[in-house]
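J.: Got a structure for you, questions after.
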Amino acid sequence: METSNITHQPKRIGVLTSGGDAPGMNAAVRAVVRSALDRGVEVYGIYEGYQGMVNGGDLLRPLHWNDVGGILHRGGTIIGTARSTAFRTHEGRLQAAHNLLRHAIDSLVVIGGDGSLTGANIFRQEWPTLLRELVAQGTISQELADHHPTLFLVGLVGSIDND
């Protein structure tokens, strides 16, 4: 009998690239999307990095198998990347959490350098506080917060800075 310590199987994840473009970002996006889809997990591309997560709307949209076909040879990243001063603020991260929850996303794959991965870790640490604030504001229901109590995070290094 096989047992697992994993108590939460994400059904929907978000993937974003952040900071400067680096070689291999498209390959990483493709690998994340196709690996997740192969396991029955929906993937949302978060276009324009953290700024897209803060802005929400059509900057968060599903990615399908064919969306990541033929991208390995392309430079940059097909989902775009942008630095975000808004995400560096508590209010920006609060808005980003709300936008993720609108799509029932509580699992992120962040592809970027030191600053991007540090920001992702701060977001993960603040997640429970952000949920409490969103519930207190009446922005989300307690039921929604209870269903997504943890932000699951995977960081993939995508950097040219040797950091």
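The values are calculated or read from the model by the stated rules, or taken from the named source; none is laboratory data. Owing to the predicted nature of the structure, the values given are computational and were not obtained by experimental measurement. All Cβ positions, glycine included, derive from the backbone under ideal geometry; neighbour counts span all protein chains shown. What goes into the accessible areas is simple: the full protein's heavy atoms, side chains included, and nothing from ligands, DNA or RNA. Shrake-Rupley method; radii C 1.70, N 1.55, O 1.52, S 1.80 Å.
J.: How many nm separate the modelled label positions at Arg61 and Asp21, each set 7 Å beyond the Cα in the direction of the Cβ?
T.: 2.0 nm
J.: Can you tell me the order of 120-131, 102-113 when each peptide is scored by its average per-residue count of other Cβ atoms within 10 angstrom, highest first?
T.: Highest mean packing first, the order is 102-113, 120-131.
J.: Compute the angle between helix 90-102 and the longest alpha-carbon principal axis of the chain, please, reported from 0 to 90 degrees and rounded to the nearest 10.
T.: It works out to around 90 degrees.
J.: For the range 110-146 and the range 39-62, what is the separation of their C-alpha centers, rounded to whole Å?
T.: Taking the Cα centre of each part, the range 110-146 and the range 39-62 sit 15 Å apart.
J.: Could you sort the peptides 44-51, 76-83 by per-residue average Cβ neighbour count (10 Å cutoff), highest mean leading?
T.: The packing order, highest mean first, is 44-51, 76-83.
J.: Packing-wise, with mean Cβ within 10 Å as the measure, how do 140-150, 19-29 rank, highest first?
T.: In decreasing order of mean packing, 140-150, 19-29 become 19-29, 140-150.
J.: Quote the Stokes-Einstein diffusion coefficient, in whole µm² s⁻¹, for the range 108-163, based on the Kirkwood radius over alpha carbon pairs, a temperature of 25 °C and a viscosity of 0.890 mPa s.
T.: For these conditions, the coefficient is 197 µm²/s.
J.: Next question, about the same structure. Using only the Cα atoms of the range 19-163, each taken as one equal point scatterer with no solvent, compute I(q) by the Debye sum, divide by I(0), and report log10 of the ratio at q = 0.15, 0.16, 0.18, 0.19 Å⁻¹.
T.: -0.74, -0.84, -1.05, -1.16
J.: As an exercise, use a Förster radius of 22 Å and the Cβ-Cβ distance of Ile122 and Arg102 to find the FRET efficiency, rounded to the nearest 0.05.
T.: 0.55
J.: Got a number for carbon plus sulfur as a percent of the chain's accessible area, 1.4 Å probe?
T.: That fraction is 49 percent.
J.: So, one more: Roughly what angle does helix 25-38 make with the longest principal axis of the chain, taking Cα atoms, 0 to 90 degrees, to the nearest 10?
T.: 60 degrees
J.: What angle do you read, to the nearest 10 degrees and between 0 and 90, between the alpha-carbon axis of helix 114-136 and the longest principal axis of the chain?
T.: 30 degrees
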